[in-house]
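First the structure, in the form of structure tokens, and then the observations on it.
The values are calculated or read from the model by the stated rules, or taken from the named source; none is laboratory data. What you see is a predicted model; the values in this text were computed from it and never measured. Neighbour counts run over all protein chains shown; Cβ positions are idealised from the backbone, glycine included.
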Amino acid sequence: MSPTIPIGSSSEFSKILSTSSIVVTDFYADWCGPCKAISPTFEGLSSKYAKPNRITFTKVNVDNQQAIAQQYGVRAMPTFLIFRSGSVIQTIQGADRAGLTTAVENAVKLAGPTQPTFSSAGRTLGGTPRASLNRPVNFKSYLDAVIMFFGLYFISLFSLDATRAAEESPFNVHNEGKVTFGNSSGGNAPAARRTGAATQAGKKLGTIADLGGD
């Protein structure tokens, strides 16, 4: 079936001009010999280049649609008008096959490349998947997270002070780079946190004998 659209009214033609980027129109008459001679060339171009809402080929019978022929000043048959965005950009008169072919090919270039029918921010159908879809899974990070979770859980479970035990646990990621166990003398008492108040430097501790002094 030919993609060429026979125009039946002025309103139909106006609608096509407003919805298609490029419109190629053949103004002809049934009694016109040259119109019949070049018709196969026009239909061949239509079959090759027609694209819905982008490049449309139409035929206007000047005897049936005299208002359209008069509007565009068509007086000789055949006459081919090429429209871009509703305005005439080229006129070809007579059965000029080479001239018609060249004019149509130039008009097709003005329509631009075909855009993808389906697209999204993530992927275009028929395109190459984004690199993020091929990113390898870091199983070590997941394993470390699981070990840390259960370490904190069991330390808190078997401790009299669950909150403090969790805070001072080596599994607590916030303790990285902090002193949490032991002190400088090798005892078992936990050392003070770096964020806590420090013992005043140079303060002399008294003895029992000092208590009885003046």
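For every residue, the table says whether it meets (1) more than 23 Å from V24 (Cβ to Cβ); (2) at pLDDT 75 or above; (3) among the β-branched types (V, I, T).
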position: Y72; (1), (2), (3): no, yes, no
position: T79; (1), (2), (3): no, yes, yes
position: D96; (1), (2), (3): no, yes, no
position: F154; (1), (2), (3): yes, no, no
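Scanning the stretch 10-69 for residues that are out of contact with any strand residue (DSSP E or B) (no Cβ under 8 Å at 6 or more places or on another chain) and outside any helix (DSSP H, G or I), which turns out modelled with the lowest pLDDT?
N53
Quick one: is K51 surrounded by fewer than 16 Cβ atoms within 10 Å (Cβ to Cβ), touching a residue at least 12 places away in the same chain (Cβ under 8 Å) and among the basic types (K, R)?
For K51, the condition - surrounded by fewer than 16 Cβ atoms within 10 Å (Cβ to Cβ), touching a residue at least 12 places away in the same chain (Cβ under 8 Å) and among the basic types (K, R) - is met.
Within the stretch 88-97, identify whether any single residue is exposed (fewer than 13 other Cβ atoms within 10 Å of the Cβ), of a type in the set (S, T, N, Q) and free of Cβ contacts under 8 Å to residues at least 40 places away in the same chain, and answer yes or no. It would help to see each step written out before you state the result.
To start, the set of residues in the stretch 88-97 that are exposed (fewer than 13 other Cβ atoms within 10 Å of the Cβ) comprises none.
No, every residue in the stretch 88-97 fails to be exposed (fewer than 13 other Cβ atoms within 10 Å of the Cβ), of a type in the set (S, T, N, Q) and free of Cβ contacts under 8 Å to residues at least 40 places away in the same chain.
Kindly evaluate F80 against the criterion of being of a type in the set (F, W, Y) and part of a helix (DSSP H, G or I).
It is false that F80 is of a type in the set (F, W, Y) and part of a helix (DSSP H, G or I).
Given the options V24, V62, name the one that is over 19 Å from A107 (Cβ atoms), among the β-branched types (V, I, T) and in the same structural domain as E105 (by TED's automatic domain parsing).
When all the criteria are applied, what remains is V62.
Does R75 satisfy being over 22 Å from S21 (Cα atoms) and either assigned by TED's automatic domain parsing to the domain that holds S9 or surrounded by 16 or more Cβ atoms within 10 Å (Cβ to Cβ) (or both)?
In short, yes.
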